[in-house]
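Colleague: Here you go, one structure.
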Amino acid sequence: MPTFVKQKEQKSMIIDSIKSFERYKEFQKGFDKVYEFLRKNDLYTLEPGNHPIVENDVWCTISESDARDVAEMPKMEVHDSFVDVHILLEGDETIGWKDRAKCENLQNAEYNEAQDVALFDEMPDMFVSCSTENFVMCFPSDAHTPLLGSGKIKKAVFKIRVLNEQAPEQ
């Protein structure tokens, strides 16, 4: 049986304006580094790939990929050790979401510790349309399916290590 961690303090998906990211810089350690990176860098000019901010704890990945068809519903994903901050740069993206606690198929998923991800088949409860003006923040309590849509998608995903205490799920 896979080992997943359960956050002591549950947080849920946040959708907000990129212009408002400053209010989150004290949210958790590492968010201040993302805020500074956003202030000092033009995400649109960064090359695809990883851009380290704090070694092993905070980084930005710029990716370009084909959107996935909602009708074929790709697997949902969860992370135990990192918060994701998704910022759409080009294209049309929708992110599917479901509360991790309500996921029935998660117990059958295999957790890849090296990549901090478990993938599983499940239908999202809701969908969020992304815009280049906003960000979508996904916590370990958020099962999500990114890159839904059509055409090409260019995006930035910030990964911020969860630093609060964690206890193995019983």
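Colleague: Return the carbon/sulfur percentage of the accessible area of segment 11-52, one whole number, probe 1.4 Å, all protein chains in place.
Modeller: Whole-percent figure for carbon plus sulfur exposure: 47.
Colleague: Compute a Gaussian network model of the chain, connecting alpha carbons closer than 10 Å, and tell me which residue from GLN115, GLN107, GLN28 fluctuates the most.
Modeller: It is GLN115.
Colleague: Report, by chain and number, residues whose modeled amide H sits under 5 Å from the one on PHE27, excluding near sequence neighbours (fewer than 5 apart, same chain).
Modeller: Those qualifying (amide H under 5 Å, at least 5 residues apart or on another chain) number zero.
Colleague: With +1 on each Lys and Arg Cβ and -1 on each Asp and Glu Cβ, and nothing else charged, work out how big the dipole of segment 43-170 is about its Cα centre, in Debye to the nearest 20.
Modeller: 240 debye
Colleague: Using a 1.4 angstrom probe, figure out how much accessible area the chain has per residue, in square angstrom, rounded to the nearest whole.
Modeller: That works out to 54 Å² per residue.
Colleague: Determine, from the Cβ-Cβ distance of THR45 and SER12 and an R0 of 41 Å, the FRET efficiency 1/(1 + (r/R0)^6), rounded to the nearest 0.05.
Modeller: Values: r = 32 Å, r/R0 = 0.79.
E(calc), rounded to 0.05, equals 0.80.
Colleague: Give me the one-decimal nm value for the distance between modelled label points at LYS25 and GLU133, 7 Å along each residue's Cα-to-Cβ direction.
Modeller: Each label point lies 7 Å from its Cα, and together they span 2.3 nm.
Colleague: Give the lysines reachable from LYS98 as a straight Cα distance under 30 Å; neighbours fewer than 8 places away on the same chain don't count.
Modeller: Those lysines meeting the cut-off are LYS6, LYS8, LYS11, LYS19, LYS25, LYS29, LYS33, LYS75, LYS152, LYS154, LYS155, LYS159.
Colleague: Right, next: Normalising by the residue count of the chain, find the relative contact order in percent from Cα pairs under 8 Å and 6+ residues apart.
Modeller: Worked out over the chain, it gives 38 percent.
Colleague: A further question follows. Where Lys and Arg each count +1 and Asp and Glu each count -1, what net charge lies around ILE14 among other residues with Cβ under 12 Å from its Cβ?
Modeller: Values: positive: LYS11, ARG23; negative: ASP16, ASP84, ASP142.
Taking every other residue near ILE14 into account, the sum is -1.
Colleague: Something else now. Determine the gain in length on full extension of the stretch SER65-MET126; use 0.36 nm per residue of separation and subtract their C-alpha separation, reporting nm with one decimal. Mind showing how you got there, number by number?
Modeller: Working: separation 61, 0.36 × 61 = 21.96 nm, distance 2.26 nm.
Here the answer is 19.7 nm.
Colleague: Most fluctuating residue of THR132, THR94, THR145 in a GNM of the chain with Cα springs under 10 Å: which is it?
Modeller: THR132
Colleague: Quick check: Cα centre of segment 84-114 to Cα centre of segment 10-56, how many Å?
Modeller: One Cα centre to the other: 19 Å.
Colleague: Just to make sure I understand: if all protein chains stay in place, what is the order of MET73, MET126, MET137 by accessible area at 1.4 Å, largest first?
Modeller: I get MET126, MET73, MET137, largest accessible area first.
The values are calculated or read from the model by the stated rules, or taken from the named source; none is laboratory data. A quick note: this is a predicted structure, and the numbers were derived from the prediction, not measured. Glycine gets a Cβ as well: all are built from the backbone with ideal geometry, and neighbour counts include every protein chain shown. Accessible surface is based on the protein model in full, side chains and every heavy atom, while ligands, DNA and RNA are left aside. Shrake-Rupley method; radii C 1.70, N 1.55, O 1.52, S 1.80 Å.
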